[in-house]
Amino acid sequence: METYHELTPEQQNKAVQREVTNLLAAIVEGAIRFDNYGTDLQVKIDAAMEKADSMHTPWFAHEYIMDTCKDEIESIALANMEEALFPEPHEYCIVGIL
């Protein structure tokens, strides 16, 4: 297994971008909220979601979120990836949730 810092810059970028995509999907689905982060992140996300709804374009919600929250979302994605382990193709990994 490798840590984030052992990956190549290209692999690091790909991992962060994949996590951004996963975060956006969870945000749009309502599976994750950021109410307890002590910031206005969730307020900005809610406003972006409302904009998508008001324009009758919910499929663009992730774009509206990134327009206003890109730095925060990418920062969270990076932090998540820095804590992750990345298995080699020949390694078997079991993920458990506590």
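For segment 56-90, what are the residues that are farther than 24 Å from residue 39 by Cα, touching a Phe, Trp or Tyr at 6+ places or on another chain (Cβ under 9 Å) and either in a helix (DSSP H, G or I) or of a type outside the set (Val, Ile, Thr) (or both)?
Correct list: 84, 85, 86.
Taking the condition over 17 Å from the mean Cα position of the chain (by Cα) and part of a helix (DSSP H, G or I), does residue 15 pass? Break it down stepwise before answering.
On the way: over 17 Å from the mean Cα position of the chain (by Cα): no; part of a helix (DSSP H, G or I): yes.
Here the answer is no, as residue 15 does not meet what is asked.
Residues 30, 38, 96: which one is more than 14 Å from the chain's Cα centre (by Cα) and at positive phi?
On the way: 30 fails: more than 14 Å from the chain's Cα centre (by Cα); 96 fails: at positive phi.
The unique qualifying residue is 38.
Going through segment 12-41 one residue at a time, which ones are at pLDDT below 95 and of a type in the set (S, T, N, Q)?
36, 39
I'd like to verify a number: residues in segment 1-20 that are hydroxyl-bearing (Ser, Thr, Tyr) and surrounded by 12 or more Cβ atoms within 10 Å (Cβ to Cβ), how many? Spell out how you get there, then give the answer.
Of all residues in segment 1-20, those hydroxyl-bearing (Ser, Thr, Tyr) come to 3-4, 8.
After this cut, where a residue has to be surrounded by 12 or more Cβ atoms within 10 Å (Cβ to Cβ) as well, the list is 3-4.
Residues meeting the conditions: 2.
Can you tell me which residue within segment 36-52, out of those that are part of a helix (DSSP H, G or I) and touching a helix residue (DSSP H, G or I) at 6+ places or on another chain (Cβ under 8 Å), is farthest from residue 26 (Cα to Cα)?
Selected residue: 51.
Just one of (1) surrounded by 12 or more Cβ atoms within 10 Å (Cβ to Cβ); (2) free of Cβ contacts under 8 Å to residues at least 40 places away in the same chain; (3) within 14 Å of the chain's Cα centre (by Cα) trips up residue 51, so point out which.
Of (1) surrounded by 12 or more Cβ atoms within 10 Å (Cβ to Cβ); (2) free of Cβ contacts under 8 Å to residues at least 40 places away in the same chain; (3) within 14 Å of the chain's Cα centre (by Cα), only one is false for residue 51: (3).
Going by what's in this entry, would residue 27 be described as surrounded by 13 or more Cβ atoms within 10 Å (Cβ to Cβ) and in a loop (DSSP other than H, G, I, E, B)?
Against the criterion (surrounded by 13 or more Cβ atoms within 10 Å (Cβ to Cβ) and in a loop (DSSP other than H, G, I, E, B)), residue 27 does not qualify.
The values are calculated or read from the model by the stated rules, or taken from the named source; none is laboratory data. None of these values were measured; they are calculated from a predicted model. Here Cβ is always computed from backbone atoms with ideal geometry, including for glycine, and neighbour counts include all displayed protein chains.
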